[in-house]
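In what follows, a structure is listed as structure tokens, so that the remarks can point back to it.
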């Protein structure tokens, strides 16, 4: 899962940069354009996960506005994924994140990953206009974590 997601990134580690898949609101195609919801779903679909197909087909997740409704996003996550404690996050789990400017509004998704022993996130970020991997840091605040059902078994 992480290898597929990482292949979509523009890495920011120690001066290493490579262009990643571009960000586009509501896009769902690996290698072409993705948003944060599309990255989670399309990566899982590439692996043949039924939960990822349901994720991409969910009406609320397909038609969300540019400024998403946090409650609606969390309700979809709770319906489609398995919620886990933040302390139990492992690579390939899905973080729900809030931006530091709006810490009480979780509206962004990212895969948890590890690079060089550090916790990173892989996400399609509007600000960077690309899929990127960067350190888990103060810009994004993890508010919830979920696991794809097939990975929770």
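The table below lists the values:
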| item | result |
| --- | --- |
| Enumeration of residues in segment 125-135 that are within 18 Å of residue 91 (Cβ to Cβ) and touching a residue at least 24 places away in the same chain (Cβ under 8 Å) | 131, 132, 133, 134 |
| Of all residues in segment 28-46 being in contact (Cβ under 8 Å) with a residue 12 or more places away in the chain, part of a loop (DSSP other than H, G, I, E, B) and out of contact with any helix residue (DSSP H, G or I) (no Cβ under 7 Å at 6 or more places or on another chain), the one that is nearest to residue 82 (Cα to Cα) | 35 |
| Residue that is surrounded by the fewest Cβ atoms within 10 Å (Cβ to Cβ) [pool: residues in segment 102-114 that are touching a helix residue (DSSP H, G or I) at 6+ places or on another chain (Cβ under 6 Å) and under 26 Å from residue 19 (Cβ atoms)] | 107 |
| Subset of segment 129-140 that is surrounded by fewer than 16 Cβ atoms within 10 Å (Cβ to Cβ) and not in a strand (DSSP E or B) - its residue that is farthest from the chain's Cα centre (by Cα) | 138 |
| Top-ranked residue of segment 71-101 - restricted to ones that are assigned to a loop (DSSP other than H, G, I, E, B) and in contact with a helix residue (DSSP H, G or I) (Cβ under 9 Å, 6 or more places away or on another chain), ranked as surrounded by the fewest Cβ atoms within 10 Å (Cβ to Cβ) | 90 |
| From 57, 71, 87, residue being over 14 Å from the mean Cα position of the chain (by Cα), over 21 Å from residue 21 (Cα atoms) and modelled with pLDDT of 95 or more | 87 |
| Check on residue 52, more than 22 Å from residue 129 (Cβ to Cβ), touching a residue at least 60 places away in the same chain (Cβ under 8 Å) and part of a helix (DSSP H, G or I) | yes |
| Among residues of segment 116-127, those that are in contact with a strand residue (DSSP E or B) (Cβ under 7 Å, 6 or more places away or on another chain) and either surrounded by 19 or more Cβ atoms within 10 Å (Cβ to Cβ) or not in a strand (DSSP E or B) (or both), counted | 7 |
| Selection within segment 18-27 - in a strand (DSSP E or B) and within 16 Å of residue 121 (Cα to Cα) | 23 |
| Only one of 48, 38, 44 that is touching a strand residue (DSSP E or B) at 6+ places or on another chain (Cβ under 6 Å) and modelled with pLDDT of 90 or more | 38 |
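The values are calculated or read from the model by the stated rules, or taken from the named source; none is laboratory data. Not measured: the values here are computed from a predicted model. Glycine gets a Cβ as well: all are built from the backbone with ideal geometry, and neighbour counts include every protein chain shown.
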